[in-house]
Amino acid sequence: MEEIKSTIIQRIKTHFSDATEKEYPYNRVDFSVKKETIPAILFYLKDEMGFKHLSHISCIDWLEENEFEVVFIVWSPTDKIKVFVHTRVDRENPVMDNVDMIWRQANTYEREMREMFGIQFTGLEAPEEFLLEDWEGPPPMRRDFDTEAYATNTYWERPGREDAKDIRETIEKRSGEILPDFAKKYTR
Amino acid sequence: MREKATTLYIGPQHPGITGNMMVRVKVEGDTIVKATTEVGYLHRSFEKLIEKRNWLQSFTLLCRFCVPEPDPVEESYARAVELLEGREVPERAKYIRVLVLELARIASYLLWYGGQSASLGLYTIGQWSVGDRNYILDLFEELTGGRVYHMYIWPGGVRRDLPKGFENKVLKTMDYLEKRLDDYDDLMFDNTIFRKRTQGVGIIDKEKAVEWGVVGPPLRGCGIRSDIRIDDPYEVYNKLDFVVPVEEGGDIWARALVRRQEIRQSIRIIRQVLDNIPAGKYYNKIPNPQKWALPKGDAYTRTEAVRGEVGMYVVSDGGTHPRRAHFRGAAYVHAITLLENLLVGENISDIAAIMNSLGTCPPEIER
Amino acid sequence: MSFDLKGTLKPLTALKQFGKKPHTLVDVPSIPLEASDHYRGFHYNDLDECIGCGNCSTICQNQAIDMVPVDGIEGKKGDSGLRPRVDHGRCCWCGLCVEVCPTGSLSLTKDYLYVSDDPDTFLWTPGVDNPEGKERISFFSTEETSLNDFGRIPMPELEGMDRVKSFAEVVLGYNEVQARAEASRCISCGLCTEACPEHMHIPEYINAIARGNDADAVRIIYDNNPLPEMCGKVCTRRCEDVCAIAHRGDPIAIRWLKRYTTETVKNADMIKEVVNPDIQEPNGYKVGIIGAGPSGLTVAYYLALKGFDCTIYEAHAKAGGMTMYGIPKYRFPEESLDKQIEYIQKIGVKIHFNTKVGKDISFKEIYSKYDAVFIGVGFPKPWTLGIEGEDLKGSIQAVNFLYEINNGKTVDIGDKVIVIGGGNVAIDAARVSARLGADVTILYRRRVQDMPADWEEIEGAEDEGIHIIPQAIPVKFYPDKKGHVKAVEYLKADMVADEKGGRPKPVPVEGSNTIIEATAVLGAIGQQGDYSFLEEEFSEKVKIERGRFVVNEKQQSTLDKLFAGGDAANRSADVISAIADGYMAVKGIEDLLVKGN
């Protein structure tokens, strides 16, 4: 398997100069590329290298770095190896190329990413709404969308649970401890 | 005379599927010319909720991704977390996991018997198979404390050891089921109605199957031998002796035949598990869940469920909560792009049967 | 299309099933099936076992568990007095609450049926609303399955017999990895904070350590304890006694975690940099403090932060009081103390060393010179046994012995030392004697488990080869020809249950006299106060009972501007209580001078 892995790395690196690799001790090889390279590298993996099966496409919001990470996971039924292709997309202007001409099912993933993260795929043809209906808020899977705050503001607690007590507060009050504000973020 | 196209809304309540989903079809006469899957009836935002939970807490949500067969989801999440952390799992736990996964597979196939036959108007088999599924749920209840939502496989192993005498109960149930399968054959596979309604219907093109993302029994029904348990083995599947059944044809009939044989293979696996299960620990305890942080990184694990390949992509930013836990369901591909493709040219009356034969599971799409 | 005869007839075999009984229900539909032995049904809570730590409520992702007061259950130290109430409309019976319950009081039962047309009745307090559940428990946690981490990360220590070779610190301290791991065991319930006399913010600083933020931990600790390194090494840690995890495992090593944190700040400058205290402008008030022990230092530190001008008068050459001169250096090295004193001085506290009040300066002078006075003089005078031969040569008071040794002097104790007593002073004296090369025996009148000393100290002593003779009451010391102590005679004692329900009393057994040889006897049965420095005009007015100043909750004595704390005012006689007294006195003095009440 090591041999196959090094062949994969070698071939990808000769064809895509911007690809950086990462190896794992099991049947997995990772590449990171610029977002412009995505369609080409996926085409190459599928048509030239036998990675026929698209296993997964995922998106992670790295809010602190102001970027989205999009991951394509492809599988070669002949070599029994997974290849992960990572790319980063600017969070302020999240646009990347549509790849559903390579695998039709990518269309569904892209629809979801468009709706949940707000990433626009150039040339994507699909109905506007996917899972959400009449949603006007920000793309909900973004890290800065606070589900709990949304739920608290939109819905209300059923009466009958007002007597719930916080253990820490109860003990603090009883013993006369005064917890400084800067320490409160460490209270469970 | 010119035929005029009509639009029909099939669903969201529907016998072809477990859960709610709609297919909008354009028909000419009773032939479908265009199909569009409409989802959004079940969205519960589990993946977002998981980001707000710690690494352990989310395991109670995972089973809700797919009601008929929750265990592969639990297992793939647990394994992804273990992979991220580098946590060892005791050998015994791996065997128990396989036992649970295969029991769940059988239970889920028994439910499929009901769904597939009912979608063609054959209701008796469903009454039987769902009743027989109860015997497996009884086993689950004893092992895990829950009948449907087991919440049993968790990072580090399994929650509880096998109860005393459990092995015998499993074996007895397996013996019983094996006999019952013959009864099902009489009613379903030997039934001329079933043959005529399924043969040559909903054909998946073998050449295109892999790139269309077909997995599991539908792929094996195209004559392609593909099974995560063999191709990308997990737990202890590489130590067990079983056959991956393959049928040619790519139609509902072929897919049904694959499933029919897989139940028997699962019974075979379970017997081997019970013969070979080692003694010892069943759980490598995780640290205090409140403060349990996982190293930065990502992991993707795949499991063979009855619907095909399911997977869990988990990302950690080094904290006590997952950065992202993204579930890959077979139905995500099967019930949307594949189904939309497959329905074209088929008859309205076969929609339910085709959907069922693909293992459509909307909760898995919406999560 | 040909007719498929077989395929048409085969399905008719279904008829053979006709008349079979359904298997899911026993008696349709009146009797529900009994659930299996491991079923996850309704909750049951053993109310006596439960300590109301709220861990169940924290782990519940459905927010189905609320902590509520329950009639007949009062909160006390180690018990919040609240009990979990389950909203069965939210519960998903995953049982995580059971898995994380530190006491194991919470479990699930076989019961799964409850019908009511009133949605409000789905809020149950398990154990209160379903007492019958006790007999129906089916899903519970054991020490093996529990998700609590019951095993403490062992503290690295010097080997027992290596220790006695020197006064090197025995406990080596956690490294970073060990500290994070130990801190991660904590469930952050906060029950410990109530047991701590000073109410330190324990869950918060432990959480800061667990999250890898030691600087925050230091800041949180210094919020109400200016001598954390002292506490980190020698605290009596009552917090650990009530630790939720201690019900089924080892308590979180709270003291060692504090020690770890304080060791991350290596010197006084670093402490100042990390704590970065907010020192207020001088407010013109002057406070005099007698005794630079833990209570006095605490008063001085926090008042100085608030802008008071603080001056401490200390009789000895160094600050720290008993922690300097009483506690041996293998437990609490001098550098640790110096670092903290230096930091307190950097804040602006003045300390006059070698200035004994009553000798070098009169109490009256101090009292008139300052706006408020705090007395933290401790208990310097040992109690005596009151038996024959106690005044022989070689019969030494343990506190005096420890003072001399800590002061760098030598004391001739020979090679067979007998220590009398069971407190920390006794154990300290014994372990110091062992380090001086003596063969040491401790005589204690009750059982080993009754010893007031820390169990770790007792274990440490045993590891170092010290013999403990429990239930032994000394009755006489025998002299040799030169008038030096030669042997000790003691009586064996029986433990007799106290009729009033107190702890069992030792009663000497007639005729059980035993004599053991000794080259020195160290008495350590307790100390008392010495207030001879108070002039008559003060000693008349200030109320002193059983050797202690009578003070209110702000440590104010019967004289308005006189405050007292530490051993001279409380019965706990430990460092943390002294610090707590000091902290309260700060409030008292501030209220008196600034707020005018």
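The values are calculated or read from the model by the stated rules, or taken from the named source; none is laboratory data. Computed from a predicted structure; not experimentally measured. Note that we place each Cβ from the backbone using ideal geometry, even for glycine, and neighbour counts take in every protein chain shown.
Which residue is surrounded by the fewest Cβ atoms within 10 Å (Cβ to Cβ), if the candidates are limited to the stretch C:187-222 and must be in contact with a Lys or Arg (Cβ under 7 Å, 6 or more places away or on another chain) and more than 7 Å from every other protein chain (Cβ to nearest Cβ)? Looking at residues that are in contact with a Lys or Arg (Cβ under 7 Å, 6 or more places away or on another chain) and more than 7 Å from every other protein chain (Cβ to nearest Cβ), I get C:212. Checking the condition more than 8 Å from every other protein chain (Cβ to nearest Cβ), free of Cβ contacts under 8 Å to residues at least 24 places away in the same chain and over 26 Å from the mean Cα position of the chain (by Cα), which residue from C:41, C:72 passes? On inspection, the qualifying residue turns out to be C:72.
For the stretch C:260-276, check the following and say yes or no: at least one residue is out of contact with any Asp or Glu (no Cβ under 9 Å at 6 or more places or on another chain), part of a helix (DSSP H, G or I) and buried (at least 24 other Cβ atoms within 10 Å of the Cβ). No, because not a single residue in the stretch C:260-276 is out of contact with any Asp or Glu (no Cβ under 9 Å at 6 or more places or on another chain), part of a helix (DSSP H, G or I) and buried (at least 24 other Cβ atoms within 10 Å of the Cβ). Of everything in the stretch B:241-292 that is of a type in the set (D, E, K, R) and under 30 Å from residue C:181 (Cβ atoms), the residue that is surrounded by the most Cβ atoms within 10 Å (Cβ to Cβ) is B:291. Quick one: would you say residue B:76 is within 14 Å of chain C (Cβ to nearest Cβ) and of a type in the set (S, T, N, Q)? It is false that residue B:76 is within 14 Å of chain C (Cβ to nearest Cβ) and of a type in the set (S, T, N, Q).
Restricted to the stretch C:1-20, and to residues there that are at the interface with chain B (Cβ under 7 Å from one of its Cβ atoms) and under 14 Å from residue B:193 (Cβ atoms), the residue that is nearest to the chain's Cα centre (by Cα) is C:14. Take residue C:490 and tell me if it is surrounded by 21 or more Cβ atoms within 10 Å (Cβ to Cβ) and over 28 Å from the mean Cα position of the chain (by Cα). Yes. Residues considered: B:147, B:160. Of these, the only one that is free of Cβ contacts under 8 Å to residues at least 40 places away in the same chain, within 25 Å of residue B:236 (Cα to Cα), assigned to a loop (DSSP other than H, G, I, E, B) and not small (Gly, Ala, Ser) is B:147. Would you point out the residue of the stretch A:26-47, among those that are within 14 Å of another protein chain (Cβ to nearest Cβ) and assigned to a loop (DSSP other than H, G, I, E, B), that is farthest from residue A:82 (Cα to Cα)? Residue satisfying both the conditions and the ranking: A:26. The set of residues in the stretch C:284-301 being of a type in the set (Phe, Trp, Tyr) and either surrounded by fewer than 24 Cβ atoms within 10 Å (Cβ to Cβ) or at pLDDT below 90 (or both) consists of C:285 alone. Scanning the stretch C:467-487 for residues that are more than 15 Å from residue C:521 (Cβ to Cβ) and crowded, with 19+ Cβ neighbours inside 10 Å yields a total of 3. Among the residues making up the stretch C:414-442, those that are of a type outside the set (Gly, Ala, Ser), out of contact with any Gly (no Cβ under 7 Å at 6 or more places or on another chain), surrounded by fewer than 24 Cβ atoms within 10 Å (Cβ to Cβ) and not in a helix (DSSP H, G or I) are C:416, C:436, C:439, C:441. Across the stretch B:55-72, the qualifying residues are those that are in a helix (DSSP H, G or I) and away from every other protein chain (no Cβ under 12 Å), and the one among them that is nearest to the chain's Cα centre (by Cα) is B:72.
Residues are listed down the side, and each one gets a yes or a no for (1) touching a helix residue (DSSP H, G or I) at 6+ places or on another chain (Cβ under 7 Å); (2) in contact (Cβ under 8 Å) with a residue 60 or more places away in the chain:
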{"site": "C:136", "(1), (2)": "no, yes"}
{"site": "C:144", "(1), (2)": "no, no"}
{"site": "C:148", "(1), (2)": "yes, yes"}
{"site": "C:160", "(1), (2)": "yes, yes"}
{"site": "C:186", "(1), (2)": "yes, yes"}
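Residues being within 10 Å of chain A (Cβ to nearest Cβ), more than 17 Å from residue A:53 (Cβ to Cβ), among the aromatic types (Phe, Trp, Tyr) and within 14 Å of the chain's Cα centre (by Cα) are entirely absent from the stretch B:328-348. Within the stretch C:58-69, the set of residues being within 11 Å of chain A (Cβ to nearest Cβ), surrounded by 17 or more Cβ atoms within 10 Å (Cβ to Cβ) and out of contact with any Gly (no Cβ under 7 Å at 6 or more places or on another chain) comprises C:58, C:59, C:64, C:65, C:66, C:68.
Please pick out the residue among C:377, C:417, C:373 that is closer than 20 Å to residue C:520 by Cβ and in contact (Cβ under 8 Å) with a residue 24 or more places away in the chain. That would be C:417, the only listed residue that is closer than 20 Å to residue C:520 by Cβ and in contact (Cβ under 8 Å) with a residue 24 or more places away in the chain. It is to be established whether one or more residues within the stretch C:503-522 are within 30 Å of residue C:235 (Cβ to Cβ), of a type outside the set (Asp, Glu) and at pLDDT below 85. Checked against the condition, which is being within 30 Å of residue C:235 (Cβ to Cβ), of a type outside the set (Asp, Glu) and at pLDDT below 85, the stretch C:503-522 yields at least one hit.
Considering the stretch B:107-130 alone, what residues qualify as being aliphatic (A, V, I, L, M), under 13 Å from the mean Cα position of the chain (by Cα) and buried (at least 21 other Cβ atoms within 10 Å of the Cβ)?
B:107, B:110
Mind checking whether some residue in the stretch B:292-312 is touching a Ser or Thr at 6+ places or on another chain (Cβ under 6 Å), assigned to a loop (DSSP other than H, G, I, E, B) and over 29 Å from residue A:27 (Cα atoms)? Within the stretch B:292-312, not a single residue is touching a Ser or Thr at 6+ places or on another chain (Cβ under 6 Å), assigned to a loop (DSSP other than H, G, I, E, B) and over 29 Å from residue A:27 (Cα atoms). From the list C:267, C:276, the one residue that fits, being of a type outside the set (Lys, Arg) and at positive phi, is C:276. Of the residues making up the stretch B:171-187, none is in contact (Cβ under 8 Å) with a residue 12 or more places away in the chain, of a type in the set (A, V, I, L, M) and part of a loop (DSSP other than H, G, I, E, B). For residue C:544, state whether it is among the β-branched types (Val, Ile, Thr) and free of Cβ contacts under 8 Å to residues at least 24 places away in the same chain. Yes.
Within the stretch A:124-174, the set of residues being among the hydrophobic types (A, V, I, L, M, F, W, C) and more than 9 Å from chain C (Cβ to nearest Cβ) comprises A:124, A:126, A:130, A:131, A:132, A:135, A:141, A:145, A:149, A:151, A:156. With the condition kept exactly as written, say whether any residue in the stretch B:145-164 is over 22 Å from the mean Cα position of the chain (by Cα), more than 10 Å from every other protein chain (Cβ to nearest Cβ), surrounded by fewer than 23 Cβ atoms within 10 Å (Cβ to Cβ) and over 18 Å from residue B:63 (Cβ atoms). Yes, because at least one residue in the stretch B:145-164 is over 22 Å from the mean Cα position of the chain (by Cα), more than 10 Å from every other protein chain (Cβ to nearest Cβ), surrounded by fewer than 23 Cβ atoms within 10 Å (Cβ to Cβ) and over 18 Å from residue B:63 (Cβ atoms).
Among the residues making up the stretch C:172-186, none is more than 14 Å from chain A (Cβ to nearest Cβ) and within 16 Å of the chain's Cα centre (by Cα). Based on this model, can you work out whether residue B:104 counts as closer than 16 Å to residue B:279 by Cα, within 22 Å of the chain's Cα centre (by Cα), away from chain C (no Cβ under 11 Å) and not aromatic (Phe, Trp, Tyr)? When the stated conditions are applied, residue B:104 does not pass them.
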